[in-house]
Every structure is written in C-alpha cells, then in structure tokens.
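Just so it is clear, none of the values below were taken in a lab; they were calculated from the coordinates. Fair warning: this is a prediction, and the values are worked out from it, not measured in the lab. Neighbour counts are summed over all protein chains in view; Cβ atoms, including those assigned to glycine, are modelled from backbone coordinates with ideal geometry.
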Amino acid sequence: MIITIDGPAAAGKGTLSAYLAQTYKLAYFDTGMVYRAVGLQMVLTGLDLNNKEEALKIAANLTFQQMIELSRHPDFRSDIGSNAASVVSAYPEVRQALLAMQKNFALSPVFADGTPANGVIYDGRDTGTVICPNADLKLFITASAEVRAERRYKEYAAKGMSTSYEKVLEDVISRDERDSKRSSAPMKPAEDAVIIDTSFLSIAEVIEEITPLVQAKINQTR
Ligand code: DC
C-alpha cells in the first residue's frame, strides 16, 4: 500500500502523514528531508547555496543514515534549513541524484526502528508525480498562504523560535514560488490526485474526509 501526500509547506501534510502511518501501520518517508540534508550540509560546510556542483556532490554521496544524523541538527527544520532546502531542491541534477534513495524506500519500507512495514506514506512535493507515479492513493493537501503562515508561525512560537508572522508569510510565499515554478518536478497535483484544501478544515475534518478513501484502497488491495 503506497499513499503519496503532496502539497505546499504547512498545509497539514506532516500531521496527516503521521496519523495515517500510525493508524494503518505504514512506514513514513518525509521526502523534504533529503533536500534539507543537502541544504544543511552546504550551510554547515560554509558552501554558497548557489554552488550547484557542490550541492550535486553532496546529494550524490548522501546516505539514508547521514540524512537521519543531519535531521538531529537544530537548523534542520529552522528557516535556515528550510531556505537551504528550497534552493538546492530547484537544481534538476540534485533532484536526479536523490531520486533512487526516495524511490527505493517503497521496495522494502521500514519503520524508524528498522522493522519492515507493509507499505509507505510519502510526504513531499512530487511524490505522486515523480517518486511514486503508481501509488495506490494520491493526495494533494493545500491551504491559503496566510493560513499556512499562521500555522507555521504558531509552531515556531511554541518552540520558542523568534520570528514574526510577516516574515513567515514572506518565506511561505517565496518558497511556494520556487517550488511551483522550478523547471524540474515542479510542485503540482498528480492528474489522479485527490485535492483537499485545509484552509477552513480542522485536522479531524481532514481525517474524516480521507478515511473512506484509504479504507476503499485497503479493501481493493486485499
Ligand atoms: O516539506 P519540507 O518543507 O521539509 O521541504 C523542504 C524543501 O524541499 C521545500 O522547499 C520543497 C522541497 N521539496 C521538494 O522539492 N520535493 C519534495 N518531494 C519534498 C520537498
């Protein structure tokens, strides 16, 4: 069972993925991590993010284990890590170099503790279009930039990270722009994706909408 969940930052993909992974006992691959790992490694090594060749070298040598180690760094999810990921993810060669790691996960998916799983939830921007075009169920989760900035701002505030709503909104808009306008694998719903706008929905309402879709796929694949 493979479910892909694509859409812009802070639309609710992470929460939904975690819920579905836990409820249906599926492994989870947050594919933004591959770009965050490459971007953060560039920053930590003092490399200019515009240096595509160096980004490619890092991407080509990145292992799953290194990615997990980098994910423990405090800037992995900060605006520094987010911005670096957004820049390096626009390089087609970097995307190509990171493709196999993402695709191969579905061949033998594992939980965080290494035990095997019967399926996987992919969360990202191009998982339904590029990484797993044959997924059983494709979701595209979106929300207005203002609603997403508000959610992200509250998350940062809860973690004690100092920033302003205006700055977060600006970042959300510029990342959307970069993610949806890049030449390689731009963020867009797959033709067969179910699109859900969560601007005015609670997570419980989103789950209510999605559960029958997942259930129907489970019944079909049995
Ligand atoms: O989902 P996220 O915020 O962790 O993603 C970080 C960056 O990586 C974001 O700018 C978009 C990019 N990304 C991508 O291009 N393709 C993916 N499948 C996942 C993320």
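Values for this structure:
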| read-out | value |
| --- | --- |
| For the chain: relative contact order, % (alpha-carbon pairs under 8 angstrom, 6 or more apart) | 32 |
| Sites matching GluC sites (Glu not before Pro) across the range 173-222 that sit in DSSP coil, with at most 11 neighbouring C-beta atoms within 10 Å | E191 |
| Value of [θ]222 nm, deg cm²/dmol, for the chain, DSSP H segments ≥ 4, -39500 (n - 2.57) each, nearest 500 | -15500 deg cm²/dmol |
| Percent of Cα-Cα distances greater than 22 Å, calculated over the range 51-146 | 38 |
| Relative packing of peptides 58-69, 135-146 - highest average C-beta neighbours within 10 Å first | 135-146, 58-69 |
| Hz values of 3J(HN,Hα) by residue in the range 179-191 - Karplus curve (6.51, -1.76, 1.60), Gly and Pro given as x | 5, 8, 9, 5, 6, 9, 6, x, 5, 7, x, 5, 4 |
